[in-house]
Amino acid sequence: MHGKTAIVTGASRGIGLAIAQRLVAEGAKVCLTARGEEQLLEAAQGFPDGSVITVAGRADDPDHRAQVLDAVALHLGGLDVLVNNAGINPVYGPLETADLAAARKIFEVNVLGTLAWTQDVLAHPGLGFRRRRGNVVNISSISADTPAPGLGLYGISKAAVSHLTRTLSVELAPDIRVNAVAPAVVKTQFARALYEGREEQVAAAYPLKRLGTPDDVASAVAYLASADADWVSGQVLTLDGGLGNAGGLG
């Protein structure tokens, strides 16, 4: 990916940070975005000089998106890859008693945010995203296809992300490729409630006998973002250590 540029949302830690690290290792220059400025700047210190820029803000804020895209145009000269990683899941429990205000927020960030970033990147005159035959990689989840106890709202939002990915891949072809990855449980702070204190028990359900790592996801994203995947579009790549073939999340 030498000479390529990328935006990674939610990049101050976990999966987003690992994706940014992998893209930089492959030769790209990356704009890191996330809500917390202090944590974002701390994350940037781990990169080689000149390989990243940072812009802090909320992924669902139009002003933040505009600031990011202007910074990329100014400092990186254009855009080749958009990784829509930012996502939230502030609630846990059955849909019967789900907080609808929280549901709206989940969809605002996870679904509409993903669409908005894509729209804005395409519309920005200084990025040349279509001319550069850019590509989009979205982060979905295996909960999009397999209901997981307590994660109904999150899973529904990620099902929308998966379908959004497929639809955009058709609408934006042939100039833009759009794909997604759908991880199972990955060892991050975001997912710690799903395995903390019982990792061995949870991992036992996976044929590969371990949970995912941020680097596992980053490797898949790097492939989809690269020229090696030049004939791959509209795909949602499942990353689950074989769990789906062993009965899924239920």
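The values are calculated or read from the model by the stated rules, or taken from the named source; none is laboratory data. Everything quoted here is computed from the prediction, not taken from an experiment. So basically every Cβ, Gly included, is an ideal-geometry build from the backbone, and we count neighbours across all protein chains shown.
The table for this structure:
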read-out	value
Every residue from segment 213-225 that is crowded, with 18+ Cβ neighbours inside 10 Å and more than 20 Å from ALA159 (Cα to Cα)	PRO214, ASP216, ALA218, ALA222, ALA225
Subset tally (residues that are at pLDDT below 90, not in a loop (DSSP other than H, G, I, E, B) and not basic (Lys, Arg)) for segment 167-199	3
Residue in segment 157-166 that is buried (at least 20 other Cβ atoms within 10 Å of the Cβ) and either part of a strand (DSSP E or B) or among the charged types (D, E, K, R) (or both) present	yes
Residue among VAL72, VAL24 that alone is closer than 20 Å to THR118 by Cβ and either of a type in the set (A, V, I, L, M) or at pLDDT below 95 (or both)	VAL72
Of all residues in segment 86-107 being in contact (Cβ under 8 Å) with a residue 60 or more places away in the chain and of a type in the set (Gly, Ala, Ser), the one that is farthest from LEU151 (Cα to Cα)	ALA86
Filter pass, ALA28 being out of contact with any Pro (no Cβ under 7 Å at 6 or more places or on another chain), touching a residue at least 12 places away in the same chain (Cβ under 8 Å) and small (Gly, Ala, Ser)	yes
Residue count, segment 100-143 (criterion: more than 16 Å from the chain's Cα centre (by Cα) and aliphatic (A, V, I, L, M))	7
Pair list, Cβ under 6 Å, 6 or more apart: segment 180-198 residue free of Cβ contacts under 8 Å to residues at least 60 places away in the same chain, other residue outside any strand (DSSP E or B) and among the acidic types (Asp, Glu)	none
